[in-house]
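What follows is a set of notes on a single structure, which appears directly below.
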Amino acid sequence: MKLVYLVIDGAADSPSDPRTSLEAARTPGLDRLAAMSVCGLMYPISRGVAPESDAAVLALLGYDPHAHYTGRGPLEALGADIEIREGYEVAFRANFATIDEGTLEILDRRVGRSLGSEEARELAKALDGMELGVYDGYARVKATVGHRAVVVVGSASHRLSDEVDNTDPAYARVGKISVARPTFDKRVAECKPLSNTPEARATAELVNAFTRRAIEVLSRHPVNERRARRGLPKANAILLRDAGGSLPRVEPIAKRFGLRFGAVVEMPVERGIAKLLGMRVAEVGEPTGDRARDYGVRLEATLSLLREVDAVYVHLKGPDEPGHDGLADAKAGAIEAIDAFYVSPLLERVDLDETAFIVTADHATPPSAKAHTGDPVPVMIRLPGVKPDGVRRFTERECARGSLGVIEHGWELLPTFVKLARGQPVPPA
């Protein structure tokens, strides 16, 4: 039997919303699966935690982030094929952003989502190799997709620490895990040491030096001059978050669950997690904006991997961005596109007698909140031979009626699937 493990990025909304995006969307494929499944709700990490995708994905693949997570930065770096020198370099997830250069007020954390990857690469090239003037410090910068980048702050001679806070004020560090703040001061934050050590103080000083110099370089860069002439927001700052100085030490996923895994992923952090866990990663390229084409490419990659491995983890973007932008209709439309161009044709092209499914979301991004929230997400498990529980639609309220009850932690989901696959009873959580 094969497994397709589908995670729809940010698909869930809040149960308190009068009508969620999943309820508004027309999803015959997802609903067909729901009618064949056992269903429930799940907290991707735990109750009350509004997770970023990286910690949530690690949890959904069976690893407790509290035990294994070392920060998003190293995972982004791995996904972007960057190695870091442990002890002397610290990696960060970065966003190019638009700010008021006089006040450091953040006008848009993502440059209005209008920054092209080629533009970002030009900007990153201007920052890459920057000397920071203290502690023999330097910065390595690599653009990834759109406004996203990886920044590695290092020192040639001084040891550094990842115990430093974010300069992106939208996220707070809780231990190693970064969580979305519901409200925040919309100014570039000063990086502060989170431990009273020379290494942490040096790292914070280097980050602040990089932030200041990056604004100086970016503000007069030809890319931004061209954007200003076209009436587009300038990418004149870079916000850092989720510091990490090493990769997690984890058991390979094949050894953990006895299944060979492949992955269909497009963002560096998911690619980094897949590489870390020893999964076979399909190369699908950046999204083009043509949903039929993009999801079709990911469908073909899924079918190809299913011939080579036991389980394929598929992480599809789409609903999260309109959720952040408060666009309820656009979010429902993104879910419909995934159903029309990926889920429904997939169901027609696999042998349903020999294929199992897990479908869920990595977090909720309600348009009403314009941010990740700690709400539970719907989940369904479809296994040949396991009696469905009567749920008819893949929505938050419908799945709440399912026999799985509430799964308290995302890392319990794959073990629950394995128990069901082995015919072991799984009492409601």
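Odds and ends about this structure:
- Yes/no for residue 262 being under 24 Å from residue 419 (Cβ atoms) and in contact with a strand residue (DSSP E or B) (Cβ under 6 Å, 6 or more places away or on another chain): yes
- All told, residue 33 meets the bar of being farther than 28 Å from residue 208 by Cα, at pLDDT 95 or above and of a type outside the set (Gly, Ala, Ser).
- A single entry from 91, 35, 59 fulfils the requirement of being farther than 23 Å from residue 10 by Cβ, assigned by TED's automatic domain parsing to the domain that holds residue 315 and small (Gly, Ala, Ser): 35.
- Residue 297 being closer than 17 Å to residue 29 by Cα, among the aliphatic types (A, V, I, L, M) and assigned by TED's automatic domain parsing to the domain that holds residue 368: no
- Residue count for region 187-200 satisfying the condition of being touching an Asp or Glu at 6+ places or on another chain (Cβ under 6 Å) and either among the charged types (D, E, K, R) or not assigned by TED's automatic domain parsing to the domain that holds residue 155 (or both): 2.
- Residue list for region 287-336, filter: surrounded by fewer than 18 Cβ atoms within 10 Å (Cβ to Cβ), in contact with a Lys or Arg (Cβ under 7 Å, 6 or more places away or on another chain) and among the hydrophobic types (A, V, I, L, M, F, W, C): 303
- Here the condition is being free of Cβ contacts under 8 Å to residues at least 12 places away in the same chain and more than 23 Å from residue 412 (Cβ to Cβ); of 291, 298, 307, it holds for 307 alone.
- Matching residues, region 199-237, being surrounded by 18 or more Cβ atoms within 10 Å (Cβ to Cβ), farther than 16 Å from residue 127 by Cβ and of a type in the set (Gly, Ala, Ser): 200, 202, 204
The values are calculated or read from the model by the stated rules, or taken from the named source; none is laboratory data. Quantities reported herein were computed from a predicted structural model and do not represent experimental measurements. Because the Cβ atoms are built from the backbone with ideal geometry, glycine has one as well, and the counts that use them run over all protein chains shown.
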